[in-house]
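Heads up: the structure comes next, in structure tokens.
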Amino acid sequence: MKILHVTPSFFPATYWGGPIWSTKAICDGIADRSDMQLRVLTSDAAGPIVSDRVDRVPLPYPVHYAQRIAGHSVAPGLLRDLPAAVVWADVVHLTGTYSFPTLPTLAMAKLVGRPVVWSPRGALQATQDWSDAPRRRSKRLFEYAAALVRPRDTTFHVTSQVEAAQSTTRLGDIATALIPNCVDIPATVKKRPRDGQLRLVYLGRLHPKKGLDHLIAAMKYLPANTYLDIYGTGDADYVDWLIDATVSIPHVQIHGHVDGARKARALSQADLFVLPSHSENFGIAVAEALAHGTPVLTTTATPWADLDRQSCGRCVTLGQVDLAVEIMDMAQDDLAAMGARGRAWMQRDYSPAAMVEQFAALYRDRVSGIGREVLA
């Protein structure tokens, strides 16, 4: 079976956050299967500046990085190669929503009769959730166009039931397949012993929807032995605001983007990961923190209600609780034991192998014409 992935950006363009890692994990697993062939068609965009281009790394499957000339992923070479790539494929897997490759890929798949698996990666959910989301009028026009040009045989890949409901609200009656993201789980984790300090960490995109203003406000009321490390990148204006908002607050540091060993250390050496988000389709950083043995405090606007049931974290309703009080309350618990339970949960239910097997089944179903609905 031949699988074509079309995505506006691809590894190693890690500036764009969690979707880059998730898409790569799917591709790595599918390419490793003897019954499937994989190709990836993408742009060379590595960041928001047009001259930011990926430093390509060897991968065990062909990836064509078309040169971006504008915007997030405007790459004419991608359009040039798209028709032949879609004709080659048995299934087209499209990632992203309001981006350059979306409409041409849907239209080409419809023209040549190829089924599409579409991973909106939370964009539709965020637009539905946020009344002040930018460019709402142009996004609605984009959605109308997508409804017109998409194949009838299109399946949304979503990572939570909330994302499924919000996405189909935006784009109508589309079959959905719920497949959570996977997480890389380190073989061992070396945790920092508690030493009278409470170390909080946030890692992810720096954006207003992440609720960092609530976390910064909470830091003003937490004890002097509380430290907060913020890792990530985002829009320059928002990052400037974040720096200004934290300059007078002791024990808050903004570190910028991290990968690899530095990222692993940031997650494993923290006592508590805090994500006070207004909206998440999945929240891969939550899974990454748990995989590194760090418990999580997040919100009911994320699909992580099982944190409470698994006794490895807490979901709270933003605006109805005092975040500083919640943090101090969790600090009284055995955070190391909570983290160990979270790590065991990730090993059991969120392994790459389990995710890839679900995608392989989905692709087979699409080729055979079997419909799929939202999974519980």
task: Tally the DSSP beta bridges in the chain and give the antiparallel ones as a percent, rounded to 5.
output: 5
field: Cβ-defined net charge surrounding Pro62, 13 Å radius [Lys, Arg +1; Asp, Glu -1]
entry: +2
- request: Mind jotting down the distance between the C-alpha centroids of the stretch 300-376 and the stretch 182-251, whole Å?
  value: 20
Greater than 23 Å apart at Cα, pairs in Lys191/Lys220; Lys24/Lys139; Lys2/Lys110; Lys220/Lys263; Lys24/Lys263: Lys191/Lys220; Lys24/Lys139; Lys220/Lys263
The chain - percent relative contact order, Cα under 8 Å, separation 6 or more: 15
- prompt: Near the amide H of Leu203, under 5 Å away, which other amide H atoms are found, from residues 5 or more places off or on another chain, if H is placed in the peptide plane?
  reply: Tyr231
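Looking at the stretch 17-75, which trypsin sites (Lys or Arg not before Pro) are in a loop (DSSP not H, G, I, E or B) and have at most 13 other Cβ atoms within 10 Å? All intermediate terms of the calculation are to be shown ahead of the outcome.
On the way: sites: Lys24, Arg33, Arg39, Arg53, Arg56, Arg68; in loops: Arg33, Arg56, Arg68.
Answer by residue number: Arg56.
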message: In whole Hz and in residue order, list the ³J(HN,Hα) couplings for the stretch 350-364 that follow from phi through the Karplus curve 6.51 cos²θ - 1.76 cosθ + 1.60, θ = phi - 60°; x for Gly and Pro.
response: 10, 6, x, 4, 5, 5, 5, 4, 5, 5, 4, 5, 4, 4, 4
statement: Note, Thr226: beta-carbon cut-off 14 Å, +1 each Lys/Arg, -1 each Asp/Glu, net -2
task: For Phe156, list long-range residues whose amide hydrogen, built 1.01 Å from N in the peptide plane, is under 5 Å from its own amide hydrogen.
output: Trp118, Ala175, Thr176, Ala177
message: Can you compute the charge dipole magnitude of the chain about its Cα centre, using +1 on each Lys and Arg Cβ and -1 on each Asp and Glu Cβ, nothing else charged? Give it in debye, rounded to the nearest 20.
response: 840
- prompt: How do 302-308, 80-86 rank on mean C-beta neighbours within 10 Å, highest first?
  reply: 302-308, 80-86
Karplus (6.51, -1.76, 1.60) ³J(HN,Hα), θ = phi - 60°, over the stretch 81-86, in Hz, Gly and Pro reported as x: 8, 5, x, 5, 5, 5
task: State the answer as a single residue: which of Ser279, Pro295, Ile216 lies farthest towards the positive end of the charge dipole of the stretch 198-349, with beta carbon charges of +1 for Lys and Arg and -1 for Asp and Glu, about the Cα centre.
output: Pro295
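None of the figures in this text is laboratory data; all of them are computed from the coordinates on show. Predicted model, so just to flag it, every value in this text is computed and none were measured. Using ideal geometry, Cβ is built from the backbone for each residue, glycine included, and neighbour counts are taken over all protein chains shown.
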